[in-house]
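Here is the structure we will look at.
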Amino acid sequence: MALRGNLRDFTITQLLNLINLARKTGTLVVDGPSDTAHLAFRDGKLAYAQIGKTVTGLAVILHNANKLSSGQYKAIQQRASNISDKELGLLLINAGYLTKEDILTQLQLYFAGIVHRLFTWVEGSFHFENEMLPPDDRISVRLDLENLIIEGSRQLREWEQLQDEIPSLDMALKFTDRPGVNLRNVNLSVEEWRVVSYINPKNTIKQIANATKMNDLEIRRIVYGLLQAGLVEICRPEGASPAPQVRVFPTEDRDEQKSLVNRLISRIRSL
Amino acid sequence: MQTVKMVVTGPFSAGKTEFIRSVSEIDVVSTERKISTAAEKAVKEATTVAMDFGRITVDDDLVLYLFGTPGQKRFDFMWEILSEGMLGFIVMVDSTRPETFREARSILETFRAYAPTPYVVAANKQDKKDAWDPEDMRHVLRLDSKVKFLPCIATEKSSVKSILLELLYSILAEMERGEK
Ligand SMILES: Nc1nc2c(ncn2[C@@H]2O[C@H](COP(=O)(O)OP(=O)(O)OP(=O)(O)O)[C@@H](O)[C@H]2O)c(=O)[nH]1
Ligand SMILES: [Mg+2]
């Protein structure tokens, strides 16, 4: 079903978050004001990225990253301009110029750079194509999205949106028990680590802010990043005296309360 | 006569009034107004300004009241008042309007902070062809797998019934947990 919308309502970071959590495979197509971007994913990991129509070939990427000398680059342009990236990659590995890891690392950096450029897009529409995969002749990578999501979240500055995301600082935080997330593999800033060290269902966000000497905006921004990356979730503070209990049931008696709920259930069933 | 209440909340035009209308035995007492701003008018004609109010009589001495909150932010001073003493709440989300998902999440967090009562979230308007897949919405709304997130068509009574029942099952489960 439809996975489409507008960048004004969904940031690129939020989309990456969705793709990461849902472990999606397919291509996110973003139509910006002047260019179209394609980000391809496999099982929730970035496989390939491209902005605009012209494809930047492997030779150019490696040359720009100083992994190929100008001489090598020229030679490739002259003698091997018609071969695919995959073939070129094999050639370079077999010739002993580069290792497979060198090539994959450079591509990852290049694709991550494209995602960084996308973070600055605020206008545009997007849609996700389940069937669309990177072109066959291109080399694809498997880049975890968590770090990109954290980096993207750091750029969210708008107070109003942060207020929406985290309306109450009286709630607490706990680590998600989502399998596959390992805090050690995520590049947290010093500030983020400080907050992380206080995460515990007993501490409200406000208390964490006090302990780390952060103002409302700073703490919201950091909590937002951690939420986006799926590392933590909001919960009610443990051990806090429950909110002054307004009368919910017309009776104090436990059994009567239960009977009342059961009566409600039968009545609704009979509607 | 004993009374209990549930609250139906969610962003502007999510289908709160429709939801209550589908099961209430009285005509829903709606405080609807014709919409003034052009942007909102593009979505619909009338909006709830204070609350909706529906009723289901259970038996001779028990009545369930359903309160719908106004969806527009400028009436959110009503939320806390309406949420007082609720047995549980339902957050409605319009599956066809991704631009409202962020607000839905914010409303959910706000209500969660008011009271530790059980709740369910409804992915409404699933009959429309541009509706988002509930699984995608679950991630965007950041609902963990323990939260009941149910597909819904507020115009269909059977769908509304099943959502109310799921909420009641959660309330019962919560009571049983509390006893241990
Ligand atoms: N197709 C379809 N339309 C629906 C559904 N639920 C609600 N609608 C329509 O969506 C529009 C908005 O529904 P309302 O019930 O007025 O929404 P609301 O949440 O009360 O809106 P506010 O009070 O303005 O915040 C109305 O035109 C409804 O008829 C549904 O499940 N399917
Ligand atoms: Mg209404």
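As a test of the definition: which semi-axes, in Å, follow for segment A:99-238 when you take the square root of five times each eigenvalue of its alpha carbon gyration tensor? Largest first, please. Walk me through the intermediate numbers first.
On the way: eigenvalues 209, 61, 40 Å².
Value: 32, 18, 14 Å, ordered largest first.
Equivalent-ellipsoid semi-axes (√(5λ), Cα gyration tensor) for the protein assembly as shown, whole Å, largest first? Walk me through the intermediate numbers first.
Numbers: eigenvalues 479, 117, 71 Å².
The equivalent ellipsoid of the protein assembly as shown has semi-axes of 49, 24, 19 Å.
State the Kirkwood hydrodynamic radius of segment A:1-68 in Å, one decimal place, computed from all pairs of distinct Cα atoms.
13.5 Å
Longer than 20 Å from Cα to Cα, which of B:Lys5/B:Lys161; B:Lys125/B:Lys148; B:Lys125/B:Lys161; A:Lys24/B:Lys16 are they? Say none if no pair is.
From B:Lys5/B:Lys161; B:Lys125/B:Lys148; B:Lys125/B:Lys161; A:Lys24/B:Lys16, over 20 Å: A:Lys24/B:Lys16.
Counting only heavy atoms of the protein chains, get the accessible area per residue of the protein assembly as shown (1.4 Å probe) and round it to a whole Å² value.
Averaged over the residues of the protein assembly as shown, the accessible area is 47 Å².
Pick out, from A:His127, A:Asn185, A:Tyr110, the residue whose Cα sits farthest towards the positive end of the charge dipole of segment A:94-209, with +1 on the Cβ of Lys and Arg and -1 on the Cβ of Asp and Glu.
A:Asn185
Only Lys, Arg, Asp and Glu count, each charged at its Cβ (+1, +1, -1, -1), so figure out the dipole size of the protein assembly as shown about its Cα centre, rounded to 20 debye.
740 debye
Return the percentage of antiparallel bridges among DSSP beta bridges fully within chain B, rounded to the nearest 5 %. Walk me through the intermediate numbers first.
Working: 12 of 32 bridges.
Taking every DSSP beta bridge within chain B, about 40 percent pair in antiparallel fashion.
Given A:Val30, A:Gly89, A:Ile149, which one lies farthest toward the positive end of the charge dipole of segment A:4-159, if we put +1 on the Cβ of every Lys and Arg and -1 on the Cβ of every Asp and Glu?
Going by the Cα projections, it comes out as A:Gly89.
So how much slack lies between A:Lys206 and A:Phe175, counting 0.36 nm per residue of separation and subtracting their Cα-Cα distance, in nm?
9.4 nm
If you count the DSSP beta bridges with both ends in the protein assembly as shown, what percent of them are antiparallel, to the nearest 5?
65 percent
Defining a contact as two alpha carbons under 8 Å apart and six or more residues distant in sequence, what relative contact order in percent does chain B show?
After rounding, I find 24 percent.
Ignoring ligands, DNA and RNA and using a 1.4 Å probe, state the total buried accessible area between A and B in Å², rounded to the nearest 100.
4600 Å²
What are the residues whose amide H is under 5 Å from the amide H of B:Gly68, where those residues sit 5 or more places off or on another chain and H is modelled from the backbone?
Excluding prolines and chain starts, which carry no amide H, the hits are B:Val8, B:Asp52, B:Phe53, B:Gly54.
Each residue of segment A:223-235 in turn: what ³J(HN,Hα) in whole Hz from Karplus with 6.51, -1.76, 1.60 and θ = phi - 60°, glycine and Pro shown as x?
4, 4, x, 5, 5, 4, 6, x, 7, 10, 9, 7, 9
Roughly how many debye, to the nearest 20, is the charge dipole of segment A:4-159 about its Cα centre, given +1 on each Lys and Arg Cβ, -1 on each Asp and Glu Cβ, and no other charges?
That gives segment A:4-159 a dipole magnitude of about 260 debye.
Can you give me the long-range amide H partners of B:Gly88? Hydrogens built in the peptide plane at 1.01 Å from N, cutoff under 5 Å, separation of 5 or more residues or another chain.
B:Val7
Debye calculation, C-alpha points only, no solvent: report log10 I(q)/I(0) for segment A:172-235 at q = 0.12, 0.19 Å⁻¹, in the same order as the q values.
Calculated log10 I(q)/I(0) at the listed q: -0.25, -0.65.
Using the alpha carbon gyration tensor of segment A:4-159, what are the three equivalent-ellipsoid semi-axes (square root of 5 times each eigenvalue), largest first, in whole Å? The partial results should precede the final answer.
Numbers: eigenvalues 183, 46, 44 Å².
Over the Cα atoms of segment A:4-159, the semi-axes work out to 30, 15, 15 Å.
Just the projected area, averaged over all directions, of the convex hull on the alpha carbon atoms of segment B:2-179: how many nm²? If you can, show how the numbers build up before the last one.
Values: hull surface 41.2 nm².
That works out to 10.3 nm².
Give the distance, in whole Å, between the Cα centre of segment B:76-119 and the Cα centre of segment A:81-100.
Rounded to whole Å, the Cα centres lie 56 Å apart.
Quick one: net charge around A:Asp255, please, counting Lys, Arg +1 and Asp, Glu -1 for every other residue with C-beta under 15 Å from its C-beta.
That sum, taken over residues with Cβ under 15 Å, equals -2.
Between A:Asp102 and A:Arg142, what is 0.36 nm times their sequence separation minus the Cα-Cα distance? Round to one decimal in nm. Kindly include the intermediate steps, with their values, before the conclusion.
Details: separation 40, 0.36 × 40 = 14.40 nm, distance 1.41 nm.
Answer, rounded to one decimal: 13.0 nm.
Per residue of segment A:28-39, what does 6.51 cos²θ - 1.76 cosθ + 1.60 with θ = phi - 60° give for ³J(HN,Hα)? Whole Hz please, x for Gly and Pro, Karplus curve as stated.
Going residue by residue, I get 8, 9, 10, 9, x, x, 10, 8, 10, 10, 10, 10 Hz, with x marking Gly and Pro.
Among B:Ile81, B:Pro134, B:Ile153, whose Cα sits farthest toward the positive end of the charge dipole of chain B (+1 at Cβ of Lys/Arg, -1 at Cβ of Asp/Glu, about the Cα centre)?
Farthest towards the positive end: B:Pro134.
Rounded to the nearest 0.05, what FRET efficiency do B:Thr3 and A:Glu129 have when you use their Cβ-Cβ distance and R0 = 45 Å? Intermediate results must be reported in sequence, preceding the final value.
Numbers: r = 51 Å, r/R0 = 1.14.
According to the calculation, E is roughly 0.30.
Add -39500 (n - 2.57) for each DSSP H run of 4 or more in chain A, then divide by its residues: what number comes out at 222 nm, to the nearest 500 deg cm²/dmol?
-13000 deg cm²/dmol
Ordered by residue, what ³J(HN,Hα) values in Hz, to whole numbers, does segment A:161-173 give under the Karplus form 6.51 cos²θ - 1.76 cosθ + 1.60, where θ = phi - 60° and Gly and Pro are x?
So the J values, rounded to whole Hz, are 5, 5, 4, 5, 5, 10, x, 10, 8, 8, 8, 10, 10.
Work out the length of the dipole vector of segment A:130-171 about its Cα centre, built from +1 on the beta-carbon of each Lys and Arg and -1 on the beta-carbon of each Asp and Glu, and round it to the nearest 20 debye.
Value, rounded to 20: 200 debye.
The values are calculated or read from the model by the stated rules, or taken from the named source; none is laboratory data. Note that the structure is predicted; figures quoted are calculated from it, not measured. Positions of Cβ are backbone-derived with ideal geometry, glycine not excepted, and every protein chain shown enters the neighbour counts. Accessible surface areas use protein heavy atoms only, side chains included; no ligands, DNA or RNA. Shrake-Rupley method; radii C 1.70, N 1.55, O 1.52, S 1.80 Å.
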